[in-house]
Every structure is written in C-alpha cells, then in structure tokens.
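What follows is a short report on a single structure.
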Protein chains: 2
Amino acid sequence: MATEIERKFLVRHDGWRKQLLSTTHLMQGYLASTPTLTVRVRLEGDQGRLTIKGATQGISRSEYEYPIPPEDAQRMLDELAETAIIDKTRHRVRCCGHVWEVDLFAGDNEGLVLAEVELGAEDEDFERPSWLGDEVSDDPRYYNANLARHPFKDWSGRQA
Amino acid sequence: MATEIERKFLVRHDGWRKQLLSTTHLMQGYLASTPTLTVRVRLEGDQGRLTIKGATQGISRSEYEYPIPPEDAQRMLDELAETAIIDKTRHRVRCCGHVWEVDLFAGDNEGLVLAEVELGAEDEDFERPSWLGDEVSDDPRYYNANLARHPFKDWSGRQA
C-alpha cells in the first residue's frame, strides 16, 4: 500500500519537450468506480497493471498497485471496462529537481494536455517550470475516471 | 485469465470429515460489485489474493486472480470492503476422484455449510459423495457476494 500525493496542472506551451526523458503509450480503463474506490487497469507499453485506489482525502489517497500480464490487461480493457478507454502518450520530463509526467490525450480527450508531479509530502515545496499552467488537482473534471466518462470533447468552455 | 466452472451443493452430514486433506481459515470481502464484475479480496491462511470476476454466464465466468501481500489484503478488508467480511473455514476433501471444498461459515453466516467442486467442462460427469445435498449452483442467495450482503442469519426458511 502506498499513499499517493500528486499535483496536477494544465500546460501553457510545449517547452517541456526540450527536457524529455521517455515516452510511453498508455491505455487505461476503469472496471469499477464506487464512492469509496476505483479499480483501474492499465496497459503501459507492454506492461499491464491493476490499481485499486481508495477515496481521495485532500490530495492523498491510498493506492494498491500490482503488475499483471499484458494480455490480461488488454482483455480486461476489451471486456470488463465500464467506461471508455483513456488513450494518452505519457512524456516523462526532468525539470527543476523533479520528474514530471506530461500526458497528451488522444481519442475523445484529444487536445487535453496535463502535467503531474508526485511529491513526498502534501506541503512539499517545488519549483514551477515555465511551461506550467493553472493547477487543477482539485477539479474533478480532470480526474482520469471522469475523463473516461465525460471526455474533453464534450466540455463546454474548455480550458486546456 | 481462467474460466471457472464450479458446482455448489448443500451438505447433508459431516461424513466428509473422514476424507479431509487440509483446513484453512479464510476471510474475504468485496471491494466492488457491478452488474458486470466483482472485485474480491481474500486472506487465506497467510496468503493474500485479489480476484476480478466477470459476469456469470451459466456456470462459467471469466476470472483474473493475483497474489498480493497479506498485509495489503488485511488492510483492504479493513478499509475498503463495501460489504461485511465473509469468514469461513475451508476443508479440502478428496472424494470419488475430485477434490471438494467444504466451507463452514462463521459470523453472520454461522450454520451454513457448502460444498464446491471445480470441473474441467460444464458437462463433466462426477460421482456424488454420500454426504452431498441439493445443488445450489444457480441459487443467487448462495453466491458469496450475496452472503456478504444478506447473510444466512437473516434468511427466512433456511435450507442448510
């Protein structure tokens, strides 16, 4: 069990491309979402992963993650996902002492770009890269589980 | 991914005790149950296990099962289970060419005894032990997910 502390931001421009470490194609879907937890399956490159997350408390939530065979992940995405599949390319970017994840969404969320950083403590200070936009950590529209249900293409007054 | 073919029966008497192979204490809870799948966590002796089962089709259903650390299993049972915890002692019994599982329930399902056998095909023939009672494979009341929600102590006209 891990406690995940992440902060999520919009992205103002693609200056992050100069600091690129790696790029991975990522598909994920939700098998179940209840008020107290979500069950996510992910295929990241050729690695499958099953993740159970407890309810969010502030910007922390309990998380249990297990590697699974990629063929299991693909089959669950095909047969058991209760939502649309989120399709994005994840760019790992080193900047200002942290590794950021910059996600470019495809499919129904095309046009959306989000940057996330994982922190060691809720109050940890960090330097903001020049390409970073507004923080959206607390905006439920940007939760992946919600992007699967209410994708960016259907938003009125898009911000990203 | 496995397809599980199981048949479930009531138990008429405890003649099975003479054929006992092993006994394990087992606690399980459900993290999520939707019309299309259930997510179950189990602590069996000192082994944790996470199981995702697709919707039942006849007596077959798709099943994905992964070992997890026992401390993760215990914590999920404590913090994330959406139902009561099922507490039972599982007896493995060899009889007539198959290994049967005879489950003695405790807690809110005290008094209930069920026997299960796993088969290789839906139409596989098998010999019925003398202690076997009526088949309940198709009776939803005996599904573990339902026993967690509507335990045996609350049934009217108990059968077991």
## Note on the structure
A student applying the Cα gyration tensor rule (rounded when a/c is under 1.5; otherwise prolate if a/b is larger than b/c, oblate if not) would label chain A rounded
### Task
With a 1.4 Å probe and all protein chains in place, put B:11, A:136 in order of accessible area, largest first.
B:11, A:136
#### Entry: Euclidean distance between Cα centres, the range B:1-33 to the range A:34-95, Å
31
## Note on the structure
Heavy-atom accessible surface buried between A and B, both sides counted, 1.4 angstrom probe, nearest 100 Å², is 1800
## Note on the structure
Here the range B:114-123 yields Karplus 3J(HN,Hα) values (6.51, -1.76, 1.60; θ = phi - 60°; whole Hz; Gly and Pro given as x) of 10, 10, 10, 10, 9, 10, x, 8, 4, 9
### Query
Between rounded, prolate and oblate, where does the protein assembly as shown land on the alpha carbon gyration tensor, with a ≥ b ≥ c its root eigenvalues, rounded for a/c under 1.5, else prolate if a/b exceeds b/c?
prolate
### Message
Probe radius 1.4 Å, ligands and nucleic acids ignored: give me the carbon and sulfur share of the accessible area of the range A:3-153 as a rounded percent.
### Response
45
### Interchain or long-range residues, amide H under 5 Å from residue A:111's placed H
A:105
## Note on the structure
Tilt, helix A:70-79 to longest principal axis of chain A (alpha-carbon atoms), in degrees rounded to tens, equals 70
### Message
I need the shape label for the range B:63-109. Rule: rounded when a/c is under 1.5, else prolate if a/b > b/c, else oblate, with a, b, c from the alpha carbon gyration tensor.
### Response
oblate
### Summary
Residue-normalised value, i.e. accessible area per residue, for the protein assembly as shown at 1.4 Å probe, in Å², stands at 48
### Label zone at residue B:135 (point 7 Å along Cα-to-Cβ), backbone N below 13 Å, the range B:5-46
B:6-10
### Query
If the cut-off is 29 Å between C-alpha atoms, which lysines fall inside it for residue B:88, apart from same-chain ones fewer than 8 positions away?
A:53, B:8, B:18, B:53, B:153
### Task
Taking GluC sites (Glu not before Pro) as candidate sites, keep only those in a DSSP loop with at most 15 other Cβ atoms within 10 Å, then name the longest stretch of chain A containing none of them.
A:1-109
### Query
At a probe size of 1.4 Å, how large is the accessible area of residue B:14, to the nearest 10 Å²?
90
## Note on the structure
Residues whose modelled amide H sits under 5 Å from the amide H of residue A:99, counting only those 5 or more places away in sequence or on another chain, are none
### Message
Given a 1.4 Å probe and heavy atoms of the protein chains only, how would you sort A:130, A:137, largest accessible area at the top?
### Response
A:130, A:137
### Query
Summing -39500 (n - 2.57) over the DSSP H runs of n ≥ 4 in chain A and dividing by its residue number, what mean residue ellipticity at 222 nm do you reach, to the nearest 500 deg cm²/dmol?
-2500 deg cm²/dmol
## Note on the structure
Output field shielding_mean for B:61-67 (other chain Cβ, 10 Å radius) holds 3
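The values are calculated or read from the model by the stated rules, or taken from the named source; none is laboratory data. As the structure is a prediction and not an experimental result, all values here were calculated from the model. In this analysis, Cβ positions are derived from the backbone assuming ideal geometry, glycine residues included, and neighbour counts consider all displayed protein chains. Please note that ligands, DNA and RNA were not included when accessible areas were found on the heavy atoms of the full protein model with its side chains. Shrake-Rupley method; radii C 1.70, N 1.55, O 1.52, S 1.80 Å.
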